[in-house]
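Input: a single structure, listed below in structure tokens.
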Amino acid sequence: MDKYEPATVERKWQEVWERERAFYVEDPAPGSAERPKFYMLEMLPYPSGHLHMGHVLNYTLGDVLTHFHRRHGSTVLRPMGFDSFGLPAENAAIAEGGHPREITEENIVNIRRQMRRLGWAIDWDRETSAHEPEYYRWTQWLFLKFLEAGLAYRKQAPVNWCPNDQTVLANEQVVDGRCERCGAEVEARNLEQWFFRITAYADALIDDHALIDWPERTKAIQRNWIGRSEGAEVLFKVEELDEDIPVFTTRPDTLFGATFFVLAPEHPLVARIDSDEVRAYARRAVARPAEERAAGGEKTGVETGLHVVNPVNGERLPVWVADYVLIDYGTGAIMAVPAHDERDREFAETFGLPIVEVVAGAGTLVNSDRFDGLEAAAGGRAIVEWLEEQGRAQPTLNYRLRDWSFSRQRYWGSPIPVVYCDGCGIVPVPEDELPVLLPDVEDYRPKGQPPLASNEEWLNVPCPRCGGAGRREAETMDTFVDSSWYFLRYCDPRNDQAPFERALVDYWMPIDQYIGGIDHATGHLLYSRFFVKVLNDWGMVGFREPFARLFHQGWVTQGGTKMSKSKGNVSGPDQLAELYGADAVRLTILFMGPADQAMEWTPDGVEGMGRFLRRLWRVVNEAAEAAPGKAGNGALARKAHETIAKVSDDIGRRRHYNTPIAAIMELVNELAPRTSDPAARFAAEAAVSLIQPYAPHVAEELWERLGHSRLWEQPWPEADPALLERETFELVVQVNGKVRDRFEVPAGLSEDELVEQALSSPRVQAQIDGRELRKKIVVPGKLVNLVV
RNA sequence: GCGGCGGUGGCGCAACCGGCUGACGCGAUCGACUCAAAAUCGAUUGCCCUUCGGGGCUUGUGGGUUCGAAUCCCACCCGCCGCACCA
């Protein structure tokens, strides 16, 4: 028998698959869907450097499912592409010199090579990258549709500003209130920004969770992020100005307990108060780093001298300005109820303000006039109803979710296709002039102005509407815009008339299984759902959710922290694949533990996996030499059938991807000393067939040696239910709940016969020790428990 | 503070619906092969006691339900993750 040489075997089969285009799929002719479709997708990689073991876990998981579903008869679409715009490429270019495009494309070439080396079953014909003009042309086109529909707009908003680097930073680039790169303290600045109106879909994003099979915790994170709270908006009149100020409250039941009133320092009313003390406080509070302000601690504030009237009882309440009230939640003003809100209480205690209890311990209203005695929730509804009749309140929903800021003052992203014109304002670039190509610039370092603004030739264009002097938008789109629709483009990747054809996306979508990190719960996974809902409302797609089923792979950590290029703690698969083979690496990462839990990467397991594959090689080769015997119904045949049942159930139903490997190992362990058993051939075929999604190269080679071909197209094996029935089983006998003996008995004995068998055991008799039997518990097929 | 996840041998973990705890692998120990080592093959491997028959203990802690609990319930401890002066 020849030696197992993974490098040779793997090269051989990778060439065969490529030559035969084994994993490329054609779009169906209309109405010819006799095979069900299955859209398998993992979150696309960011092409920074090399793949690390986190990627290997992600894509190997997807690969297992790709093979599993292919062999269950589905046409599996499993495309690949690159999230190739964005800051890391730009930062790498700044650090190493060179153009972000060159660095990105070099990285793509390298990652593609790594992916092929690992043998992942990918339809490379559909490869698409965000930075290709053929792709971002349609990102821009979609932006224009959003703009036209009023779902993209520009407004002043606070952003993170690094005074040292002279640039706006994304939230992800701010670590503990400091610039990730230079360490300078980040300031809040009010700048004009582009936004997507994702808040218009807040309810749909919560409600449609009912339509998708996602981990409960991911839905919880999204719900939490969207933060829908039910309450009421109540109008308080400012006595001195004779003006109504609305507040949002989730506790209208506590209205009678309001003892003061607080404005956020940014509240427009504050600027109109003629007091040096108030102005000074507001200025200080606004300048305070957001991080510090959010940290809480000692309450600060100043009294304004103004008063509001509580609409429920006409009481005059003093108006304060305090920075514990946030301008961007609710209305930026609150009624303060120190008896029933911890923060209000703290403030009241600091400044000696009165505290009035209005909800008694049992949850009924007190000190609340004619609402006394009502249960709190019902009382709140009654109070709002009563105020509503007087036009002083209405029930309201409030959200924590903010609109999505997507413009970046950076170079390496899709240009935003609009022109500013003094006469016409913001003018969209006409569709037939798309894409607005990303031009080269002298220096793409951020210097307070978006880098594109330095390219005068590109920047200055006539206004598309009036022909007068115009200026292009120099900001670029965040890369999350690109990744909000890439999965649609894979369905129709070469279309040059539209982003995609509806018939094609309606055929392939929604994605049947999506795999990616939970870190995208409030970003990519929310944005993509938003995009699809908008496209659905426009009739461009026939579905409301992009990802029907979602699985999060766990972090792969090294030294206790998540592997990532920016942390510098990465280990890649290349060297291990050379030493032990891609199959061993694939098996190792999936065998380390449950795929959805964090795992600390250590290469120790690869050696053991190499050992297992050599063992598999030897045992299957030996079994292949044996004349094809009849599988029969002996112990080995039964073990093979049990393994088929176990592996199929684990992958298909339980979404456990480590335990099938253990089950196949058990089968191989049983087969090893019995390669001349009549069932040896059958057991070997089962082991090879079952390991194929995990270790497709060695499986294919061994399958050929067993005298067959094209395992990747063979139907998934099925367990014979008759063989899963056992003729005998191991009876466990307990005395008073403790196991005292176990032995084989024939299946199908009656309960009395089982008790009889149990009592026949000398060990059991010794434990009973002549005492009287009080109770006999019989679990057929399993155990007898004798209580004495 | 709110929400979520987890705690089982020296280690990674398995035990699916309340029924044999520790499958599978790593590591370790012993043996075979070898001049020797590696590789490979075989055996042992939760802890304690043992007269070697066996006995006791064991799933973070304490309680409860049950014939029987890693699994269900209550309280608590520890670790990780998300959100957070959100009214």
Next on the checklist: Quick check on the stretch A:620-643. Is at least one of its residues near RNA strand B (Cβ under 9 Å from one of its atoms) and open to solvent by 30 Å² or more (accessible area, probe 1.4 Å)?
Outcome noted: no
Checklist entry - Taking into account only those residues within the stretch A:352-366 that are under 15 Å from A:Ala258 (Cβ atoms) and assigned to a strand (DSSP E or B), which is farthest from the chain's Cα centre (by Cα)? => result A:Leu365
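Can you confirm whether A:Arg586 is out of contact with any strand residue (DSSP E or B) (no Cβ under 6 Å at 6 or more places or on another chain) and modelled with pLDDT of 95 or more?
On the way: out of contact with any strand residue (DSSP E or B) (no Cβ under 6 Å at 6 or more places or on another chain): yes; modelled with pLDDT of 95 or more: yes.
Yes.
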Next on the checklist: If a residue must be surrounded by fewer than 21 Cβ atoms within 10 Å (Cβ to Cβ), touching a Phe, Trp or Tyr at 6+ places or on another chain (Cβ under 8 Å) and closer than 17 Å to A:Leu144 by Cα, how many such residues does the stretch A:481-498 contain?
Outcome noted: 1
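When you go through A:Gly231, A:Gly227 one by one, which is the residue that is within 11 Å of RNA strand B (Cβ to nearest atom) and within 17 Å of A:Val312 (Cα to Cα)? First the steps, then the outcome.
On the way: A:Gly227 fails: within 17 Å of A:Val312 (Cα to Cα).
Of the residues listed, the single one that is within 11 Å of RNA strand B (Cβ to nearest atom) and within 17 Å of A:Val312 (Cα to Cα) is A:Gly231.
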Next on the checklist: What are the pairs with Cβ atoms under 9 angstrom where one residue, in the stretch A:397-410, is open to solvent by less than 20 Å² (accessible area, probe 1.4 Å) and the other, located anywhere, is within 9 Å of RNA strand B (Cβ to nearest atom) and not in a loop (DSSP other than H, G, I, E, B)? Sequence gap at least six, or different chains.
Outcome noted: A:Leu401/A:Trp225
Checklist outcome for this item: Exactly one of A:Thr218, A:Thr249 is crowded, with 18+ Cβ neighbours inside 10 Å, within 8 Å of RNA strand B (Cβ to nearest atom) and closer than 30 Å to A:Leu205 by Cβ, and that one is A:Thr249
Next on the checklist: Step by step: first the residues of the stretch A:735-766, then only those that are open to solvent by less than 70 Å² (accessible area, probe 1.4 Å) and of a type outside the set (A, V, I, L, M), then the one that is nearest to RNA strand B (Cβ to nearest atom). Which residue is that?
Outcome noted: A:Gly737
Next on the checklist: The conditions are (1) at pLDDT below 85; (2) in a loop (DSSP other than H, G, I, E, B), and A:Pro715 fails exactly one of them. Which is it?
Outcome noted: (1)
Checklist entry - Taking interchain pairs and intrachain pairs at least six residues apart, which have beta carbon atoms under 6 angstrom, with the first residue in the stretch A:306-317 and within 16 Å of A:Arg251 (Cα to Cα) and the second part of a loop (DSSP other than H, G, I, E, B) and open to solvent by 20 Å² or more (accessible area, probe 1.4 Å)? => result A:Pro311/A:Arg392
Checklist outcome for this item: Among (1) away from RNA strand B (no atom under 11 Å from the Cβ); (2) closer than 21 Å to A:His641 by Cα; (3) small (Gly, Ala, Ser); (4) open to solvent by 20 Å² or more (accessible area, probe 1.4 Å), A:Gly781 falls short only on (1)
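From the list A:Arg117, A:Arg78, which one is open to solvent by less than 10 Å² (accessible area, probe 1.4 Å), on the phi < 0 side of the Ramachandran plot and of a type outside the set (Ser, Thr, Tyr)?
Details: A:Arg117 fails: open to solvent by less than 10 Å² (accessible area, probe 1.4 Å).
Residue meeting the stated conditions: A:Arg78.
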Checklist entry - What do you reckon, is A:Glu277 surrounded by fewer than 20 Cβ atoms within 10 Å (Cβ to Cβ), part of a helix (DSSP H, G or I) and near RNA strand B (Cβ under 8 Å from one of its atoms)? => result no
Item to check | Residues satisfying the stated conditions in the stretch A:325-351, i.e. more than 8 Å from RNA strand B (Cβ to nearest atom), open to solvent by 10 Å² or more (accessible area, probe 1.4 Å) and not in a helix (DSSP H, G or I) | outcome: A:Ala339, A:His340
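Regarding the stretch A:448-466, can at least one residue be identified that is on the phi > 0 side of the Ramachandran plot, open to solvent by 20 Å² or more (accessible area, probe 1.4 Å) and either part of a helix (DSSP H, G or I) or without any contact (Cβ under 8 Å) to a residue 60 or more places away in the chain (or both)?
Here is the first cut: in the stretch A:448-466, the ones on the phi > 0 side of the Ramachandran plot are A:448.
Then keep just the ones that are open to solvent by 20 Å² or more (accessible area, probe 1.4 Å); that gives A:448.
Of the ones still in play, those that are also either part of a helix (DSSP H, G or I) or without any contact (Cβ under 8 Å) to a residue 60 or more places away in the chain (or both) are none.
No - not one qualifying residue is present in the stretch A:448-466.
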Item to check | Test result for A:Met540, more than 29 Å from A:Arg402 (Cα to Cα) and of a type in the set (A, V, I, L, M) | outcome: no
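Name the single residue, out of those in the stretch A:227-244 being outside any strand (DSSP E or B) and modelled with pLDDT of 90 or more, that is most open to solvent (accessible area, probe 1.4 Å).
From the stretch A:227-244, those outside any strand (DSSP E or B) are A:227-228, A:239-242; that's our starting set.
Subsequent filtering for residues that are modelled with pLDDT of 90 or more retains A:239-242.
Numbers: A:Glu239: 84, A:Glu240: 83, A:Leu241: 73, A:Asp242: 109 Å².
Among those residues, the one meeting the criterion is A:Asp242.
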Checklist entry - Can you tell me how many residues in the stretch A:306-324 are open to solvent by 40 Å² or more (accessible area, probe 1.4 Å) and within 12 Å of RNA strand B (Cβ to nearest atom)? => result 1
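For the structure I just gave you, tell me whether A:Leu723 is under 30 Å from A:Arg70 (Cβ atoms), at pLDDT below 85 and outside any strand (DSSP E or B).
Working: under 30 Å from A:Arg70 (Cβ atoms): yes; at pLDDT below 85: yes; outside any strand (DSSP E or B): yes.
So A:Leu723 passes the test.
The values are calculated or read from the model by the stated rules, or taken from the named source; none is laboratory data. Small disclaimer: the values here were computed from a predicted structure and weren't measured. Note: ideal-geometry Cβ built from the backbone for every residue, glycine included; neighbour counts use all protein chains shown. Remember, those area values only see protein heavy atoms, side chains included, never the ligands or the DNA or RNA. Shrake-Rupley method; radii C 1.70, N 1.55, O 1.52, S 1.80 Å.
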